[in-house]
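Worksheet for the structure shown next.
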Amino acid sequence: MSDPKNLLEQSFTAFHIAVPLETINSKSDQLEINLFFTEKNYDVLGYMEGNTIVGYLHKDDIKNSIVRDFDIKDVIAVNTPLIHAISLLSSRERLFLMDQLSIKYIITKADLQKAPVRMLFFGLISLFESQIANTISRRYPNNDWRWILKENRLNEANKIYQAKIANNTEIDLLDCTQLADKNSIIVATTEFVNLLPYTSKTKAEKWLRKVESLRNDLAHAQSLHEWFENKEVIKLINEVNDVLPKFRNFLSDY
């Protein structure tokens with residue numbers, strides 16, 4: 001069976017959030033260049049020789065018109081998985097994208113607010129929730145996890161379950177729990193905690209709450225600006241991405 005994680009990564013590439021790199025050349029006058037940097041608020045402009053972008057101008061170099069060379073560390077292919085591009089961008093101001101041996105596009109941190117990024121993040125977290133549900137079902141057959149949940153949470157899940165059954169919906173009781181409930185089961189199970197980025201129960205619980213909070217903001221179309229500024233969202237998503245194969249392997253070995 002193919003790995004859904006690989007399918008998700010292949011479905012979203014750097015190209016999906018990239019924009020064409022605006023360019024100038026030796027014939028561009030200073031007024032035109034100033035307009036790009038001041039009115040359009042660009043940080044960089046590609047510099048063309050013939051039909052090829054050979055370097056770029058940074059707004060800090062506007063007075064001297066210095067053409068900078070591309071640093072190989074800042075250049076990626078257009079088909080680079082978006083999750084990898086996002087990771088690279090966490091330590092850079094921008095990435096240049098190469099298509100057919102030529103640099104044609106650019107990604108900046110502002111592009112991380114675009115829909116494909118949100119879709120990728122939500123997809124990874126949804127996959128994580130599905131993966132832990134499958135793992136819980138395998139580890140606790142016949143819903144033997146019920147003792148872990150508080151009575152009010154179990155009653156809430158039972159209400160949803162009975163309503164689904166009344167509508168002839170084939171569903172499992174675990175499917176009627178919230179992500180917070182599944183997280184409680186994860187934290188109460190040592191084998192599961194050992195699969196997480198932080199293996200102390202306190203830190204594991206805090207990490208799972210953070211994942212849940214991000215999932216809720218994504219589901220309700222909340223801005224991700226604060227997440228990118230203060231909550232290390234790229235680190236969190238990379239951790240989710242790293243955890244997925246661990247739960248997948250646990251399922252195959254259990």
For the stretch 209-250, radius of gyration divided by Kirkwood radius, i.e. Rg to Rh on alpha-carbons:
1.05
Pairs of lysines 8 or more apart, or on different chains, with alpha carbons under 21 Å: count those in the stretch 115-253, would you?
27
Quick shape summary for the chain, equivalent ellipsoid via Cα gyration tensor, semi-axes whole Å in descending order, reads 47, 17, 16
With loop defined by DSSP as not H, G, I, E or B, and exposure as at most 16 other Cβ atoms within 10 Å, which is the longest segment of the chain clear of exposed GluC sites (Glu not before Pro)?
94-169
Hey, what did the chain get for relative contact order, percent, Cα under 8 Å, at least 6 apart?
18 percent
More than 17 angstrom apart: percent of Cα pairs within the stretch 145-236
60 percent
Given H placed 1.01 Å from N in the peptide plane, which residues other than close sequence neighbours of Thr23 have an amide H under 5 Å from its amide H?
Gly46
Counting sequence-distant residues (5 or more places) and residues on other chains, those with an amide H built under 5 Å from that of Arg68 are Tyr56, Leu57, His58
Pop out the ³J(HN,Hα) list for the stretch 103-118 in order, Karplus 6.51 cos²θ - 1.76 cosθ + 1.60 with θ = phi - 60°, rounded to Hz; leave Gly and Pro as x.
7, 10, 10, 9, 10, 10, 4, 5, 6, 6, 8, 6, 4, x, 5, 4
When N counts the residues of the stretch 149-199, how does its alpha-carbon radius of gyration compare numerically with 2.2 N^0.38 Å, as a ratio?
1.36
Unit charges at the beta carbon, dipole of the stretch 4-109: most positive-side option, Ser102, Ile66, Ile76:
Ile76
Which shape class, rounded, prolate or oblate, goes with the stretch 1-58 when its Cα gyration tensor gives a ≥ b ≥ c as root eigenvalues, a/c under 1.5 marks rounded, and past that a/b bigger than b/c marks prolate?
prolate
Would you please name the trypsin sites (Lys or Arg not before Pro) within the stretch 209-241 that are DSSP coil residues with at most 16 other C-beta atoms within 10 Å of their C-beta?
Lys231
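Can you give me the convex hull volume of the Cα atoms of the stretch 4-109, divided per residue and expressed in Å³?
Per residue, the Cα convex hull of the stretch 4-109 comes to 100 Å³.
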Near Phe250, within a Cβ-to-Cβ distance under 13 Å, what is the net charge of the other residues, with Lys and Arg +1 and Asp and Glu -1?
+2
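Here, each number is a calculation from the coordinates, and none is a lab measurement. As the structure is a prediction and not an experimental result, all values here were calculated from the model. A quick note on method: Cβ atoms are made from the backbone with ideal geometry, for glycine too, and the neighbour counts reach across all protein chains shown.
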